[in-house]
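*Asks:* My questions will all concern the structure given below.
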Amino acid sequence: MNPSDTESSFDVAVIGAGPVGLACALEVQRRGLSAVVLDKGALVNSLVGYPTNMEFFSTPELLEIGGHPMATLHYKPLREDALDYYRRVAFTENLTLRLYERVIGLEGAEGNFTVVTDKGRIGARFVVVATGFYDLPNYLNVPGEDLPHVTHYYKEPYAHADQDVAIIGAKNSAAKAALQLLRAGARPTLLVRGPDIPDSVKYWIRPDLVNRIKEGRIGALFNTTVTSITPGTVEVATPEGPRTLPAQHVYALTGYHPDFSFLAALGITCGTDTAQTPSHDADTLETNRPGLYLAGTVCGGRNTSRWFIENGRYHAQLIAARLAGETAPKLPEVLQQVQL
């Protein structure tokens, strides 16, 4: 599964060992082409970083790849279910994995690429980028954001019992964190830039959060921005003026974005729109560099809610069919197969 030869050659190199990257390699292999999957971290590295026992919003069949059933005792799979599932799929399909190997450049042209990594060079006729966005948080760029008690990733609440915890943000991740922290004995306060908890928060989470705020068990400041963070406080600007809040721990759950510098290093240009959408053909997913394709959430740039596992996995079918010389359906036709 982890070849030591750093001068190998494949038909397709897939950068990113998340669910969509694995689906790409799987679909390519099934069409008789050789594939290698590279990742700078672990297998399905983003899922490794998800909160403990996190529940997916989707049912199992919407997370499946390659026709492999996802076995789970839960109506909606947990993080641990998915970690086990994608590992089993990768091993069952005998995918060639090169994990903890960072891609640093791409040389050559379609039909004769060389993927340059920190461990060697890999030949490939085609390259697929399925790197997602979870590795790079949207920073607040305020003083104190680099303090050790500030993090952009929430894991679990248990270390925060009897502690004041500030949660910056109000989307699903922040909402779930606030509720878990409350029930683990912490004193959470949500700091929200907008006027209310947004309607985009899942319908079974939002009422719970809103009611806990009404009860006063979860603090919430709206139309509020953070101006600085100290070892024990968060300084905020509110409509009523500046305030200082106690906070022994700070979760800045303000979202994430693709690695645009990495895309540029591969020769992919990005648009000037607010999402900085990477250049690619909407029907074929081929970028401005011939032979180089995008798959999954990276296609949306900063619009990280456009693509996800449930629909991004169909990028794999489209790209694999095209690379194998098959007639590939247009993306909207492919997506009619999934009910989101």
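*Asks:* Can you compute the FRET efficiency between Glu326 and Lys214 using 1/(1 + (r/R0)^6), with r the Cβ-Cβ distance and R0 = 51 Å? Round to the nearest 0.05.
*Replies:* 0.35
*Asks:* Rounding to the nearest 10 and keeping the result within 0 to 90°, find how far the Cα-based axis of helix 206-215 lies from the longest principal axis of the chain.
*Replies:* Roughly 20 degrees between the two axes.
*Asks:* Once you have the Cα-Cα distance between Thr272 and Asp196, take 0.36 nm times their residue separation minus that, and quote the gain in nm to one decimal.
*Replies:* 24.4 nm
*Asks:* A further question follows. Roughly how many debye, to the nearest 20, is the charge dipole of region 234-316 about its Cα centre, given +1 on each Lys and Arg Cβ, -1 on each Asp and Glu Cβ, and no other charges?
*Replies:* 120 debye
*Asks:* Another question about this same structure. Based on alpha-carbon positions alone, could you give the equivalent ellipsoid semi-axes of the chain from the gyration tensor, as √(5λ), descending, whole Å?
*Replies:* Each semi-axis is √(5λ); the values are 39, 21, 19 Å.
*Asks:* Pairing the Cα long axis of helix 309-323 with the longest principal axis of the chain, what angle in degrees results, from 0 to 90 and rounded to the nearest 10?
*Replies:* 20 degrees
*Asks:* In addition: Which one, Val210, Pro198, Gly185, is farthest towards the positive end of the dipole of region 99-214 when Lys and Arg carry +1 and Asp and Glu -1 on their Cβ?
*Replies:* Farthest along the dipole direction, towards plus: Val210.
*Asks:* Given Cβ point charges of +1 (Lys, Arg) and -1 (Asp, Glu) and nothing else, what value in debye, to the nearest 20, does the dipole of region 139-252 about its Cα centre take?
*Replies:* 380 debye
*Asks:* Something else now. I need the peptides 28-41, 253-266 ranked by packing, meaning the mean over residues of other C-beta atoms within 10 angstrom, with the highest value on top.
*Replies:* Highest-to-lowest ranking by the protection proxy: 28-41, 253-266.
*Asks:* Go ahead and collect, in residue order, the members of region 68-101 whose backbone nitrogen is under 18 Å from a label point 7 Å along the Cα-Cβ direction of Asn172.
*Replies:* In region 68-101, the label zone of Asn172 (backbone N under 18 Å from the point 7 Å along Cα→Cβ) covers 74-83.
*Asks:* Roughly how many debye, to the nearest 20, is the charge dipole of the chain about its Cα centre, given +1 on each Lys and Arg Cβ, -1 on each Asp and Glu Cβ, and no other charges?
*Replies:* It works out to roughly 480 debye.
*Asks:* According to the Kirkwood expression over distinct Cα-Cα pairs, how big is the hydrodynamic radius of region 139-252, in Å?
*Replies:* Final number for the Kirkwood radius of region 139-252 is 13.9 Å.
*Asks:* May I ask you to order 58-66, 13-21, 236-244, 291-299 by the average number of other C-beta atoms within 10 Å around their residues, highest value first?
*Replies:* 13-21, 291-299, 58-66, 236-244
*Asks:* Which residue, Ala161, Ala265, Val129, has the largest displacement toward the positive end of the dipole of the chain when charges sit on each Cβ (Lys, Arg +1; Asp, Glu -1)?
*Replies:* Ala161
*Asks:* I would also like to ask the following. So, for region 139-252, what is the accessible surface per residue at a probe of 1.4 Å, expressed in square angstrom?
*Replies:* Averaged over the residues of region 139-252, the accessible area is 51 Å².
*Asks:* In whole Å, how far is the Cα centre of region 179-231 from that of region 23-100?
*Replies:* Taking the Cα centre of region 23-100 as reference, the centre of region 179-231 is 32 Å away.
The values are calculated or read from the model by the stated rules, or taken from the named source; none is laboratory data. Predicted model, so just to flag it, every value in this text is computed and none were measured. In this analysis, Cβ positions are derived from the backbone assuming ideal geometry, glycine residues included, and neighbour counts consider all displayed protein chains. To get the accessible areas, we keep the full protein, side chains included, count just its heavy atoms, and leave off ligands, DNA and RNA. Shrake-Rupley method; radii C 1.70, N 1.55, O 1.52, S 1.80 Å.
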